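Worksheet for the structure shown next.
What follows draws every value from the coordinates through simple rules; no lab data is involved. Keep in mind that what you see is a predicted model, and the values were worked out from it rather than measured. Here the Cβ positions follow ideal geometry from the backbone for every residue, glycine too, while neighbour counts run over all protein chains shown.
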């Protein structure tokens, strides 16, 4: 009964407004109110915490690192180039969307100015706040409005979710928003396999690919799931999925053509994978990313990058990475397993408060959140919640590239909205509430028991 009331209110927000106390209570439970709280908290943190004080330091601009340097080059009229402090010419080091956003801010408010810092952190905060809304929409489709509202409040209020948009000038918050939007649109397309929805999904995928190509690992799995789940309407679903794929390719094609024209060979969106692989797998790394040898940080490597040129430098990094893996397969396997663990428990770093090191507590916090998310995933499968397979793909497939190179918590953040949703679902179920009321909206291929 409670779930039915929640769903009714979600479908008809005007219901129950006759009584003013009830109206006030409903207003504070509105998803738009939660989104507003999420945005205000993040903007307040920027102002009160002075997180906009991101200043360039010699040989290491902290405002966006490589993305900031490329944005600087764009804003100064030198094109998409020079990811280090030296003028190294055209680059494919980073995908284009976020550096172009940064460049637009630099052009309007100045390169590496405090006003630019405020603007881009505020934009990150908007991305994070909108993720609250998307998360809620996903939750209401799968778990009911109550669990969805819990997830929205957790995302709005949890300090760790607030940290990334207000402190880190990178595509982190935008990636989380885009991936959540893709998951929502995938669910919508499964409900109603229409070409228009497929085209919207393809557009989302294209923008996402040009923001964070690693997320593309979810593309074939999600499209295959749409075709499998739609049963009798499979032909319509396959057509919509094909449209999505075509639109996605059409969106990224201009960037691929630009790369071919600039480098005279095919480069798929970005070219720095082998460098990242080598930095984490070499005789000095111990399995961790060697920041001190990164061309963006080490003047000697920066000069070598400029001397060889970008593609030749990346070829050299590829040779070194493959040589290490070939000569030390046992170490590479051990390093990869170690990185897989650190992806879920947080990579080692000193977390000091006075004389106390809270590093172990940090690991415990990361581990608890991961275990709670996987518990929610197991519960979703047990209850045959539609979309469980999609959540499993995000938790099990998306992290794989980071097991090979660098398991930074920043990379895990892209799937943390979905982790929060699974955690909220588990907590909601623990209250003994039945939340399986809306699953009938999804067609099942093969009968009512085939709902994963």
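Subtracting the Cα-Cα distance of residue 284 and residue 265 from 0.36 nm times their residue separation leaves 3.6 nm of extension gain.
For the pair the stretch 374-428 / the stretch 170-245, the C-alpha centres are spaced 17 Å from each other. Legend: ranking of residues 113, 214, 230 from fewest to most surrounding C-beta atoms inside 10 Å; resulting order 113, 214, 230.
Suppose the chain between residue 384 and residue 76 were pulled fully straight at 0.36 nm per residue; how much longer would it get relative to their current alpha carbon spacing?
105.5 nm
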